[in-house]
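Worksheet: one structure, shown below.
The values are calculated or read from the model by the stated rules, or taken from the named source; none is laboratory data. None of the values given here were measured: they were computed from a predicted structure. No Cβ is skipped: glycine too gets one built from the backbone with ideal geometry, and neighbour counts run over all protein chains shown. Calculation scope for accessible area: heavy atoms of the full protein, side chains included, ligands and nucleic acids excluded. Shrake-Rupley method; radii C 1.70, N 1.55, O 1.52, S 1.80 Å.
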Amino acid sequence: MSVAQEAKQHILQLIKTAVGKEYTPSMDDVMRPPKDDMGDIAFPCFDLARARKQSPQEIAIELSANMEVGGWIKQVKAQGPYVNFYYSPLFAQAVLQEISEKREKYGTSNVGAQKSIMVEYAQPNTHKAIHVGHVRNFLVGQALVQVLRAQRYHVIPVSYINDLGSHVAKVVWGIKKWHQKEEIIKEDRVAFLARVYAEVSQKIEADEGAKQEIAKIFQELESLKGPSVALWKKTRKWSVDYFKALFKELGLPIDAWYFESDLVVDTKNIVEDLIKKGIAIHSDGAWLVDLQSEKLGVNLLVRSDGTLLYNAKDLALAFRKEEEYHPMQSLYVIDARQSLAMQQLFSTLKRMGFEKELAHVSYEFVTTKEGAMASRTGNVILYEELRDRLTVMAKEETKKRHPDWEEKKLKKTARAIAFSAMRFSMLRQDLEKKIVFDFDEALAFEGCTGPYLLYTYARIQSLKKKAKTSKVSLSADHLNHPLEHALWMSLASYPEVLFAASQEHQVSFIAHYLFDLSQKFSAFYNELSVLQAPGGTREERLALAQATGQVLQNGLTLLGIETIPSM
Ligand code: ARG
């Protein structure tokens, strides 16, 4: 248990004792007050007032008069309908102590130790390019895996590659039609596939003959028999090799890879079984599961030409995952546009007797200022463009600030800044909100950005260096200024933020927290001097700064952001 939680437990106990038997408050009743001048923890008396048919103000006065304080709690005060608790310097000291002892482990817990969770993310389609929309998926999935692991869940991160489907058939058809003889150099392979895809999409709009040929290739690929299979295999490998390199560059944790083309046989067996059991029914030549009673429409599994739908293969995938890893819970990090398909999948699995917990971690898409992106029209920011442009911009900025730095240091710093901008801009947004990506905004050194957080961290490192002492005090007797108080309260709350992020699958909680922490640090550091402060205060402020640096680093690491000593 963290110091903050322990303190809350203690407060809860004080309240329980004061209240007596008639009403049992819970941890949820012990909260951060709405305003800073209302103490550190508040107990609202409304529920109790209702039970006792008394005014909450009266109750607050009565309760606070009956409480013994001391230790971590300096004072208890009735303020309107609330009993407000004020922490003492001993509490701050305990928080600083906890951070300095646990270091990179500060904030973690063991709550997940008994549970295994599979996290499926990183599911691009082969024969297509990777754009910023995918990047959101990759980075959210990666951070989620790390956040869950920090609570000791046994996490199994997996990738699912869609290497079949009409887009693949289109590309294979397009190459055969127009590019059969071309020699494609290694570096251009993936871009070439994307170009062919866009080309085909544009050219066959009204061409029925072409559409039929593509449908035929689609069937061939599904059965993995026929003259197009060799070309499919070759180009599929181009994509998969590229994904592997890209995932490695981003450091994505992936324990297993699943491929749609591996699931065809299983899917056919499952569909047959569903038909036998009467779960799937025949309609206009197609096979589907009728989910209208659950307001989920129909889950189409097999087209009238016998080919399988994407959602059918997901049934086989779920069983494959179960067979190989039997996770207690399975998460699917997939964009919000597939919500219905996910609900249909879960519902169909339930009808089949699949018992494990399933959840869709849904996120909104990414757009540019110019509007929605679509690889079909070519209006996209590709991953490479994102990375390279951010890196060039970060390097220019760093060069301006440090004209004396040598090339190597410049490069390393620029790369860290660029990646922090990329990651933070994808992670700070709550999942249910879309992202309008903007290069300048992502890279700004002020505001809710990755570079701002790195900068705050670097400031703390340089302060530590200038202090020329490793002697920091873990007492907190002098840290009474409201700006100091706000800072140590924020440090104390980190474990709870991390826990909430892991339970609600919202890595943005951590991003918001880190931004808030950085602002609190900046306010403290700009207003109060650390190195010039009198003895005692100086050491305590240094300890406070050091603890802030540690927590910043812990949070950033979970988000996949690497810190740098100076910038
Ligand atoms: N490849 C799909 C896409 O890009 C996402 C796959 C999601 N995973 C799944 N099990 N259906 O839209």
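Assorted remarks:
- Among the trypsin sites (Lys or Arg not before Pro) found in the stretch 1-80, those both in a DSSP coil and sparsely packed, with 10 or fewer other Cβ atoms within 10 Å of their Cβ, are Lys21, Lys35, Lys53.
- Positive-end residue of Leu431, Val289, Trp238, charge dipole of the chain with Cβ unit charges: Trp238
- Taking label points 7 Å from Cα along the Cα-to-Cβ direction, Lys186 and Thr24 give a separation of 6.7 nm.
- Gained length - His179 relative to Leu340, 0.36 nm times residue gap less alpha-carbon distance: 54.2 nm
- Computed from the C-beta positions of Lys16 and Ala256, the FRET efficiency with R₀ = 41 Å rounds to 0.30.
- In a fully extended conformation the segment linking Gln503 and Lys466 would gain 9.3 nm over its present Cα-Cα distance, using 0.36 nm per residue.
- The mean sequence separation of alpha-carbon pairs under 8 Å and at least six residues apart, normalised by the residue count of the chain, gives a relative contact order of 15 percent.
- For Pro33, the shell of other residues with beta-carbons less than 12 Å away shows a net charge of 0, using +1 for Lys and Arg and -1 for Asp and Glu.
- Ser529-Ser566 FRET efficiency (beta carbon distance; Förster radius 22 Å; 0.05 resolution): 0.60
- Added length on full extension, which subtracts the Cα-Cα distance from 0.36 nm per residue, Ser116 to Asp36: 24.9 nm
- The stretch 282-362 shape via C-alpha gyration tensor axes, a/c threshold 1.5: prolate
- On the beta carbon distance between Val436 and His326, with R0 = 30 Å, the FRET formula returns roughly 0.15.
- Links that overshoot a 27 Å alpha carbon limit, given the list Lys211/Lys277; Lys102/Lys400; Lys313/Lys356: Lys211/Lys277; Lys102/Lys400
- In a simple Cβ point-charge model (Lys, Arg +1; Asp, Glu -1; nothing else charged), the chain has a dipole of about 1120 debye relative to its Cα centre.
- Using a probe radius of 1.4 angstrom, the carbon and sulfur fraction of the accessible surface of the stretch 24-183 is 48%.
- Accessible area of Phe437 in the full protein assembly, 1.4 Å probe (Å², nearest 10): 10 Å²
- Accessible surface, per residue, of the chain when the full set of protein chains is kept, probe 1.4 Å, Å²: 46 Å²
- A crude spin-label estimate for the pair Gln212 and Lys409, with each label 7 Å from Cα along the Cβ direction, gives 7.0 nm.
- Loop-located GluC sites (Glu not before Pro) in the stretch 45-92 (DSSP state not H, G, I, E or B) with no more than 13 neighbouring Cβ atoms inside 10 Å: Glu68.
- Of the chymotrypsin sites (Phe, Trp or Tyr not before Pro) found in the stretch 163-213, not one falls in a DSSP loop while having at most 13 other beta-carbon atoms within 10 Å.
- Of His360, His154, the order by accessible heavy-atom surface (1.4 Å probe, DNA, RNA and ligands excluded), from most exposed downward, is His154, His360.
- Partners for Lys433 among lysines (Cα-Cα distance below 21 Å; same-chain residues under 8 apart left out): Lys369
- Lysine-lysine proximity count for the stretch 104-188, Cα under 20 Å, sequence distance 8 or more or distinct chains: 7
- Highest-first arrangement of 218-227, 489-498, 540-549, where packing means the average Cβ count within 10 Å: 540-549, 489-498, 218-227
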